Each structure stands twice: as C-alpha cells, then as structure tokens.
1. Under 1.5 on a/c is rounded, so check that first for the range 1-103, then, if it is not, pick prolate when a/b is larger than b/c and oblate when it is not; a ≥ b ≥ c are the square roots of the alpha carbon gyration tensor eigenvalues.
2. Hey, what number do you get for the chain at 222 nm if only DSSP H runs of n ≥ 4 count, each worth -39500 (n - 2.57), divided across all residues, to the nearest 500?
3. How big is the gap, in Å, between the Cα center of the range 166-190 and the Cα center of the range 1-66?
4. Of 270, 304, 173, which is farthest on the positive side of the dipole of the chain, counting Cα position, with +1 on Lys and Arg Cβ, -1 on Asp and Glu Cβ, and the Cα centre as origin?
5. Taking the DSSP beta bridges in the range 6-227 as the whole, what percent of them are antiparallel, to the nearest 5?
6. Just tell me which lysines come within less than 22 Å, Cα to Cα, of residue 25; anything on the same chain fewer than 8 places away is out.
7. Consider just the alpha-carbon atoms of the range 290-388 and return their Rg together with their Dmax, both in angstrom.
8. Using only the Cα atoms of the range 64-130, what semi-axes does the equivalent ellipsoid have when each is the square root of 5 times a gyration tensor eigenvalue? Give whole Å, largest first.
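The values are calculated or read from the model by the stated rules, or taken from the named source; none is laboratory data. Computed from a predicted structure; not experimentally measured. Using ideal geometry, Cβ is built from the backbone for each residue, glycine included, and neighbour counts are taken over all protein chains shown. Calculation scope for accessible area: heavy atoms of the full protein, side chains included, ligands and nucleic acids excluded. Shrake-Rupley method; radii C 1.70, N 1.55, O 1.52, S 1.80 Å.
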Amino acid sequence: MPDAAVAVIVVAAGSGTRLGRPEPKAFVRVGSRTILEHALETVFSLSEPVQVIVVAPSAQVAEATSLARATAGSAAPYLSVVTGGDTRQQSVAAGLAELGPQVAVVLVHDAARAFTPSDLFEAVISGVRDSGGGVIPGLPLADTVKQTDWTGKVESTPDRATLAAVQTPQGFPREALVAAYAKATEQHTDDASVFSAAGGTVTVIDGDPLAYKITTPWDLRRAEGLVAPAGSTSGIRVGTGVDVHAFDDSRPLWLGGLYWPAEAGLAGHSDGDAVCHAICDALLSAAGLGDIGTRFGTADSRFVEAHGDIFIRETLELVHGAGFTVGNVAVQVVSNAPKVAPRRVEVEARLTELVGAPVSVSATTTDGLGFTGRGEGVMATATALLNS
Ligand code: CTP
Ligand code: MG
C-alpha cells in the first residue's frame, strides 16, 4: 500500500434495523448507487491521498470490495475492506487494525452519512493537525431536549444552548486513538466518547446538515431528493384507466364501492362497478402491471358477482408488492345517472378508505351525445399517481 498520512475508516457493517430493509443499510440504493458508494465517492475525492478502510458485514465483504474498488478507480491501492463486528465500536476496532505505517491522523466515518461534503473532512483533518486532539463536527439542536427514562416522566430540561448533535467524520491523532480503543472497557456510541474516556481532549467544529445519518425510511427519502436532478419526477409514476358498463334494469346498482338504491344497475360478470374497475386499471397502469382484464380474468371464480372492493384490494396487493405506494387517485364518472353530486363526499370517503390514499370523484354528462348521452351505460375514467 502506498504511504498516506491520513486514514479514513468508513464503518458500514451495521444491519440498518431502523431502516427496515432486507439488505444491510450501506447496500441500500439511493438513486443508482448504494449508500456505501455515495459515502466513498467523497472520501476518494479528498485533496490529499488517504488510506481508506471499509468495514463491511461479513456476508457483504466481497460486494463491498467490488463497489469500493469501482469507486476508488486509480486510488484502489489505498483501499482495504475488512469484516466488522457486532457493535459499531468493534467495527471501528477492526478498521484500526488495518492502519498503514505512515498514518498519523485517523478519521472514523459512518457510511450512513453518505452525503457529508468533502470540506467537512478537510476541516476535521486540519483541526486534528492544529490541535493535536480529537475533532468532531456538531450542530446546534433545533428541538428542546428533555431528560426522560421513557416511562413517560420528564426528569429535566437540559439547556439546549450547551448541547450539540454530533456527526462524523470524527478525527483523532492515530496513537492516542488506537490506545483509547485498546483500553476501552465500555461500549460507546461514538469515537469521541472512547477517546475522552481514555483522557483525550475533543473539540467540536461546525458540522453540516448534509452530514446527517440515514437512519429511517424518512431519511432515505430525503437522500433520494438530494440525488434527484432539480425538478425531477423520478420515483413518481402516473397511470390511467377507463371502464364502461351497460345499464341492466334487473340488477342493483353498485358504483364507487357503494350501493345506490332505486337506480338501474350495471351489466357485467362482476357487479359492474365501472368506477372501481377504472381505479384498478389506473393503478395497474401506473405500476406497469398490465390491466384488470389480464390480471383478474372472467375465468377466475373469485370475481363472479364480486364487488369493487375485492378488485381494489387484490390490485393494491400487486401494486404494493411491486414496491409502490399510492399517492392519490382522481376519478370521473361520465353518465346521465346516477347523479353523483349528492353522494360525492360519501363515495370519496369510501374509495379513500379502500385505496388507502386520497381519491377524488367528479362527474359529467355528454350533452346527449354518444352511449352515455343516450343513457345506455356508465363510463368512468381514473388517473392514479404512485410513488416508488
Ligand atoms: N456500524 C458498523 N458495525 C456495527 C454497527 C454499526 O459498522 N456493528 C456502522 C453502520 O454501518 C453505520 C454506522 O455504524 O454506517 C452508524 O450506525 P447506525 O446508523 O446505527 O447503523 P446501523 O447500526 O446499521 O442501523 P440500526 O442502528 O438502525 O440497526
Ligand atoms: Mg446502530
């Protein structure tokens, strides 16, 4: 390995329990690249050459190695990948064991802080060089803080002005950090605590909101917003659906998932609920999953006389299974009867409940023209918006 005076240990061995994805957090994609790649891209862009030690879960060492090599490019000789431990502290210790002989300053960085700007790394490196002690980025707290044992009782209100929410990279002189880790007996949640417990001095410098840690699904959405080009609608999908059923006086009318007494019913293999069927087609169309006819064929006995709610439930299962959530749905009923306006609020509430997202319903006639104008049947059109 070529000599470098600075090493960055990128800890990526956690499972990401709070993110709730099947893959470990560092391997979750934000846009087209994993969290680990985003983090490493900055580390490999620093102005001086640094040794980069990636600490990965044991099952992902090979994957981490190939991702990190690709990101490193010509800096690959400065890279090593090691297996982490059960706790963050053990993972950092595994990284420290890999330090090259010339390293004098060590930065420890959470892969999960994937969008930390390079100037924060540079500030921490020069802070360690200038002070000879530990240097950590911190931000003032926006919220008032309470001390509680989480049984519901508030014990005290520490003065927010004296507190900092700390981030990574955290930088330290190599020998003192290695010694602090060697003698640590307790588990700490950051490196500065390990360093202080061994008697080291730590200074806080200004952190950066972009160095936030991707922890929850909400944080991940924020990350997606950071990588999406301005004005981009990536992750949003729109779909349309139309359905038509002819009137059949001998049947009861079901429309929008509701029963309409004293109205002519609609013909069909199911209950003929054109509104629900148009919604299903719009949802399937937005998800790229085909249409109601191919998904729920007339040969399927589950759908004989089936009400619209059954189709919507089955459709949502497919749509959610494909990784989408519904943003909203808009439906328009095109027909002379029934008059929708008096029950519009009720229909919207019923459909919103079924879809689990806002559904708006409007209605129009066609000025006596066409099959709806002649009162031969009902047409419904729907537009659905999905988020991926
Ligand atoms: N980390 C690690 N080894 C562990 C635990 C955590 O290398 N045994 C790393 C994570 O990969 C992450 C950083 O430490 O980059 C900060 O930890 P955190 O955000 O808590 O990540 P996870 O522990 O993976 O997430 P969670 O606590 O939600 O399970
Ligand atoms: Mg954790």
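1. Verdict is oblate for the range 1-103.
2. Per the formula, -9000 deg cm²/dmol.
3. Distance between centres, Cα-based: 19 Å.
4. Comparing the listed Cα positions along the dipole, 173 ranks first.
5. Here the share of antiparallel DSSP bridges comes out near 35 percent.
6. The reachable lysines, counting only those whose Cα sits under 22 Å from residue 25, are 213.
7. 15.0, 43
8. For the range 64-130, the semi-axes come out at 19, 17, 14 Å.
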